[in-house]
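Please treat every number below as a calculation from the coordinates, not as lab data. Worth saying up front: this structure is predicted, and the values here are computed from it rather than measured. Note: ideal-geometry Cβ built from the backbone for every residue, glycine included; neighbour counts use all protein chains shown.
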Amino acid sequence: MEIPILKIEDFLIVSFQTELSDDEIDKLREDILDKIKETNARGLIIDITALKIVDSFMARSLSSIATTATLLGAKTVVVGMQPAVALTLVELGLRIKWNIQTALNLERGINLLREALKSEKDVVYE
């Protein structure tokens with residue numbers, strides 16, 4: 001299944017609309033990272049609103065995508081996590097890494113990235 005990767009401002013938005021197989025997740029990871037490099041994106045929003053379940057492979061994959069995106073210079077925000085998904089991740093003992101921020105919905109995620117990117121522009125190096 002081809003998942004669209006949209007570019008808005010200086011960031012990319014990926015929205016999961018259905019559960020993905022492990023192979024589809026791996027392919028999506030490659031596509032996202034290629035698109036970050038191609039567009040020089042400074043931020044990435046991963047919208048998981050439609051996902052009712054996030055298993056340990058998906059959680060590790062999200063973390064891997066965020067870590068690699070950070071190495072490419074793109075901050076990552078995961079949005080739309082359902083309460084049941086958050087509880088499951090806690091029960092599995094999975095922790096959100098330092099390189100992943102979360103937001104309740106897409107609007108908050110966009111605002112979070114805008115603020116993060118704005119504050120980077122305000123930094124003056126001497």
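Observations on the structure shown:
- Summarising the amide proton neighbourhood of residue 102: residues at separation of 5 or more, or on other chains, whose placed amide H is nearer than 5 Å comprise 78.
- Crossing angle, helix 22-39 versus the chain [Cα axis fit, 0-90 degrees, rounded to tens]: 10
- Label zone at residue 82 (point 7 Å along Cα-to-Cβ), backbone N below 19 Å, the stretch 15-49: 15-22, 25, 46-49
- With θ taken as phi - 60° and the Karplus curve 6.51 cos²θ - 1.76 cosθ + 1.60 applied, the whole-hertz 3J(HN,Hα) list for the stretch 77-82 is 10, 9, 10, x, 5, 6 Hz, x standing for glycine and proline.
- Of 91, 24, 115, the residue with the greatest mean-square motion in the GNM of the chain, using alpha carbon springs below 10 Å, is 91.
- Candidates 92, 112, 20: whichever shows maximal mean-square fluctuation once the chain is modelled as a Gaussian network with Cα springs under 10 Å: 92
- Rounded tilt (10° steps) of 56-71 against the dominant C-alpha axis of the chain: 10
- Note on Cα extents along the principal axes in Å: of the candidates (i) 43, 34, 22; (ii) 40, 30, 21; (iii) 45, 28, 23, the value calculated from this structure sits at (iii).
- Chain lengthening between residue 23 and residue 91 when straightened (0.36 nm per residue, less Cα-Cα): 22.0 nm
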